[in-house]
Amino acid sequence: KNILSDMKKGYQVVSGGYNAIKNISEGNFSLHEVFLDGLMLVSPEIKKYRRVSDIITYQKHIISEYRSAFRRFGASGNFSVNELDYLGRVYKQLFEQSLDNLDELAMVITSAKLRMSDDERLRAIDRIFSDVEDKLVFLRDFNSKASSLSLARERQRSDLKQQMELYR
């Protein structure tokens, strides 16, 4: 009888301890859940971060500059069909990569998409900005080199035309 009584007391102690630990862990889990849910929210300050508007502005520049350059190169008559095809592929790839940047930006600044702290979101936005900025610098350099080539070919064609007129 004493052994059964001791076993009952032991069971009550273990059961009480287990329930106490369970309640504490559930409370702790609730705190973690609140913390993690907080990471799903995007601070209004993050959405106002200047790099967000810079990324969008650079994206507009990329689109307008590549379209303008491609039309100009096509109308110049200084590039072969294969060269224009190459230019088009470069612009298409640049455009697709910059759209990926916009998709990533939208995920970073949209609530309930990613679990990130504000600092992580800012670093992600800065990384996206750097990538878009690199794309814009590349595009401008690429267009500058293609424009130089077009101008050189235009001069060459003009010189050839003048020489032809001289020898007539």
Please work out the average accessible area per residue across the range 110-159, using the 1.4 Å probe convention, and give it in Å².
62 Å²
Give me the percent of accessible area attributable to carbon and sulfur for the range 54-168, probe 1.4 angstrom.
54 percent
Run the quick spin-label model on Glu45 and Lys92: label points 7 Å from Cα toward the beta carbon, then report their separation in nm to one decimal.
4.5 nm
How much accessible area does Ser147 have with a 1.4 Å probe, in Å² rounded to the nearest 10?
40 Å²
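The values are calculated or read from the model by the stated rules, or taken from the named source; none is laboratory data. Treat the numbers as computed from the prediction; the structure is a model and nothing was measured. As a convention, Cβ positions derive from the backbone with ideal geometry for all residues, glycine included, and neighbour counts pool all protein chains shown. The accessibility values were calculated without ligands, DNA or RNA, using every heavy atom of the protein model including side chains. Shrake-Rupley method; radii C 1.70, N 1.55, O 1.52, S 1.80 Å.
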